[in-house]
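Scroll down for the structure; my scribbles are underneath it.
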Amino acid sequence: MVTIHEGRPGLSRRELLKRGGVGAALLVISGSAVISPQHAWGLETTALKPETMATLIQMARDIYPHDQVPDKYYAIAVKSHDEAAGKDAAHKELIEKGIADLDQKAGAGGYAGLGWEEERVKLLQGIEDTPFFQAVRGGLVVGLYNQKEIWPIFGYEGESYSKGGYIARGFDDIEWL
Amino acid sequence: MVAKYDLNDDKVVVIIGSGAGGGTLGNELAQKGIDVVILEAGNRYEYADFINDEWDSFAQLSWGDPRTASGGWRVAKDFSGLPAWIVKAVGGTTTHWAGASLRLQEHEFKALTHYGKIEGANLLDWPLTLAELEPYYAKAEDKMGVTRTNGIEGLPGNNNFKILKAGADALGYKECHTGNMAINSAERDGRMACQQTGFCFQGCKWGAKWSTLYTEIPKGEETGKLEVRPNSHVVKIEHDDSGKVTSVVYADKDGKLQSQKARIVCVAGNSIESPRLLLNSASSKFPDGLANSSGQVGKNYMRHTTGSVYAIFDKPVHMYRGTTMAGIVRDEAKHDPSRGFVGGYELETLALGLPFMAAFLNPGGWGRGFTTALDHYDHMAGMWIVGEDMPQEQNAVKLHGEMKDKYAMPIPDVWFTDHPNDDAMRNHAYKQGMAMYDAVGATRTFPTPPYPSTHNLGTNRMSEKALDGVVNKFGQTHDIKNLFVSDGSQFTTGGAENPTLTIVTLAIRQADHIAKEMAAKNI
Ligand SMILES: Cc1cc2nc3c(=O)[nH]c(=O)nc-3n(C[C@H](O)[C@H](O)[C@H](O)COP(=O)(O)OP(=O)(O)OC[C@H]3O[C@@H](n4cnc5c(N)ncnc54)[C@H](O)[C@@H]3O)c2cc1C
Ligand code: SF4
């Protein structure tokens, strides 16, 4: 469903320098893809502009900021908007216009150019009740938190039947009470 | 040998729904040699098919047909298409449930008498007493293998329980233990003991938790007197000129309409679908729907006064390990109006996995206030509030004015607004719950709003007089002798306790009544 290219090779120096308008995170726009050179993953867009996707990734992190969760998982979480945009022109417009509106409100460097999370969050609070914001936030609840790969970061162990449950694996191991 | 009945067989008792009420009634009748067909809208899974994953399990088991939520409750805003979180599958919501099995208290059967007239509330006494139900409660507890009854040991307490217990002790609460659970603490009835897997809400893959799916239903089938037809969604109940019900129209697995003749029809589709079906079965003889001369079908929808309290500690808890409902505090379940409300509430541990915690901790919430809570997921403990809510006539399951399902039947709209008594009780419970966790050293607590309804009650209520309700004390409709209601929609009031033990108890008692009336040729 989600096309995340791991270990994307051959990223040229020129591409690395051609940084997208992303402030905090080092995400690079290359052709139709958003690329994270230092973490070796890339996300190809088909319907949305790659710049839009990069900003969307930043917005996702600002909505549900977990400093210990790498960008890659936020990218996976918002990728579905690219798929939806490919099937539904109205959804494409919702996202493109929503991001364009955020960029415009942010001024010169655009939304992602704002250096502090607080500044970006202030903009988001201003659009909190819009269908655009709600579509992005709503999609993240499952899109982000239902990725099994991030569960260990939160200390959630997931499926337990195959391991025989917790009867011998610490269901009552609390010691500090 | 599993029975198979003809569509034109008009000797059968047809039960609609195979959950706590329908599944139990089906087995009880079959044990007495009565021919039974259970029509169940959902699929049949076995417990090996259950999935230890919150969203995947939700997709597998939940009732996902269109419904709307409206009214003043927060669910109408946060989950406008999901008023209730219940099941569409053989076994009904007993696949999903946590297993807490408590008897209602004596005074709760006489709510109007004990609480008095409360403005805005449509209180009524049950036409039943605890004493009348006690022998049936005892049978239900034995059938379900409820811990701390019939000499069955309690379950061991998990981490989440240990925190609850420490908080209860600190506040001076006296009645705190690992609950009365329909979960095997040791092998019983051919089912194994709880392995503390922690996915009770996703269906118990060990079969340690009681569900009609793998107890009542196979036992009934073994008699050769029970046929369970999955993927059979009932759209209408039909009657003859005399007003007796005669057949049930359902969509089969291919969506094709079939008609099953019946001697008796028992509706057990849970408190949203049951009244909806009666309303959708309106005819020229019964223009307001079947069994609705009182106008009470669909009214007085109750969902228990609920809410959760989660707390973060500076050391790990891992609340999700082990039984989901791992213990209870009962001290606040009494009726003590000095607290500022009538009725009482129970506090029970509850744990959600990370995906559901993200969806339910503070629906719609975002930003660091929200995410820093989840950052400490493994340091969290949680409890659930379940208390008596007021029946209100305005709170109702109604037919939607425009929207229809894929069988062209109006979908249900669930309209609900809290009564001031509900608010007062919830606020009291939040305070007590947070105080318990504070006493154990919580660094942050969260008074979490109610989830979509898991307990749905009252929409075909039991009453002494035909004017006040839909069914009599046996669940037989006042208007139509061979039409019964067999699920939680019979509840006159909700009590503070989780409802399923009482639903099962009423079903066992109803089976006796139906058998007697059939033998006497009254129905
Ligand atoms: C997460 C969760 C935890 C819970 N924990 C507890 C607990 O610890 N203790 C407790 O007492 N209770 C608990 N409950 C509540 C308990 O599950 C319900 O009270 C109980 O299952 C209700 O029984 P019922 O017979 O009314 O309906 P259900 O068990 O919901 O069964 C109704 C069945 O009817 C079927 N149906 C509906 N309409 C039609 C139709 N038109 N045609 C054919 N079939 C139809 C449905 O598919 C379903 O299978 C919990 C519920 C949930 C969701
Ligand atoms: S904790 Fe026990 S009852 Fe719950 S699912 Fe696991 S084994 Fe079953």
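Here the simple spin-label model places points 7 Å from the Cα toward Cβ, and for B:ASP314 and A:LYS105 these points are separated by 3.9 nm. When every Cα-Cα distance of the stretch B:89-196 is counted in 10 angstrom steps from zero, the calculated P(r) takes the values 12, 30, 31, 23, 4, 0 percent.
Can you compute the FRET efficiency between B:MET403 and B:SER284 using 1/(1 + (r/R0)^6), with r the Cβ-Cβ distance and R0 = 25 Å? Round to the nearest 0.05. The value I calculate is 0.55. The string of couplings for the stretch B:480-493 from the Karplus curve (6.51, -1.76, 1.60, θ = phi - 60°) is 10, 4, 9, 10, 10, 10, 10, 10, x, 5, 6, 4, 6, 9 Hz, one whole number per residue in order, with x for Gly and Pro. For the cross-link pairs B:LYS143/B:LYS256; B:LYS256/B:LYS481; B:LYS139/B:LYS481; B:LYS11/B:LYS139, which exceed 32 Å when the distance is taken from alpha carbon to alpha carbon? Those over the limit are B:LYS143/B:LYS256. Between amide H atoms placed 1.01 Å from N, distances below 5 Å from B:THR448 occur with B:SER308, B:VAL309, B:TYR310, all of them 5 or more places distant or on a separate chain.
For the stretch B:181-287, the list of trypsin sites (Lys or Arg not before Pro) that fall in a loop by DSSP and count at most 11 other C-beta atoms within 10 angstrom reads B:LYS253, B:LYS256, B:LYS285. Helix B:130-144 versus the longest principal axis of chain B: what angle, 0 to 90°, nearest 10, using Cα atoms? Roughly 80 degrees, rounded to the nearest 10.
Cross-link partners of A:LYS122 among lysines, defined as those whose alpha carbon lies under 17 angstrom from its own and excluding same-chain residues fewer than eight positions apart: A:LYS105. Using a probe of 1.4 Å on the protein chains alone, the accessible area found for B:HIS428 is around 30 Å². Across chain A, the mean sequence separation of Cα contacts (distance under 8 Å, 6 or more residues apart), normalised by length, yields a relative contact order of 18 percent. The simple Förster model, with R0 at 35 Å and r as the Cβ-Cβ distance, assigns B:LEU7 and B:THR113 a FRET efficiency of 0.15. The angle separating the long axis of helix B:159-171 from the principal Cα axis of greatest extent in chain B is about 70 degrees.
Per residue of B:457-463, other chain Cβ atoms within 10 Å of the residue Cβ number 0 on average. Inverting the pair-averaged 1/r between distinct Cα atoms of the protein assembly as shown gives 26.7 Å as its Kirkwood hydrodynamic radius. Exposed loop sites are taken as GluC sites (Glu not before Pro) in a DSSP loop (any state but H, G, I, E or B) with at most 14 other beta carbon atoms within 10 Å; the longest stretch of chain B without one runs B:188-392.
Take each residue of peptide B:378-389, count the partner chain Cβ atoms within 10 Å of its Cβ, and average: the result is 1. Our note on the geometry: Cα centres of the stretch B:216-231 and the stretch B:148-212, 28 Å apart. Between A:LYS163 and B:THR443, the modelled labels are 2.4 nm apart [label points 7 Å from Cα along Cα→Cβ]. Distance between the pseudo-spin-label points of B:ALA59 and A:ILE153 (7 Å out from Cα toward the beta carbon): 2.2 nm. A compact globular protein would have a Cα radius of gyration near 2.2 N^0.38 Å; the ratio found for the stretch A:46-169 is 1.22. Quick one: compute the contact order of chain B, relative version, from alpha carbon pairs under 8 angstrom and 6+ residues apart, as a percent. Computed over chain B, the figure is 24 percent.
The values are calculated or read from the model by the stated rules, or taken from the named source; none is laboratory data. Just so you know, these numbers come straight off a predicted model, no measurement behind them. Cβ coordinates were reconstructed from backbone atoms using ideal geometry, including for glycine residues, and neighbour counts include every protein chain displayed. The protein model used for the area step is the full one, side chains on, heavy atoms only, and it has no ligands, DNA or RNA in it. Shrake-Rupley method; radii C 1.70, N 1.55, O 1.52, S 1.80 Å.
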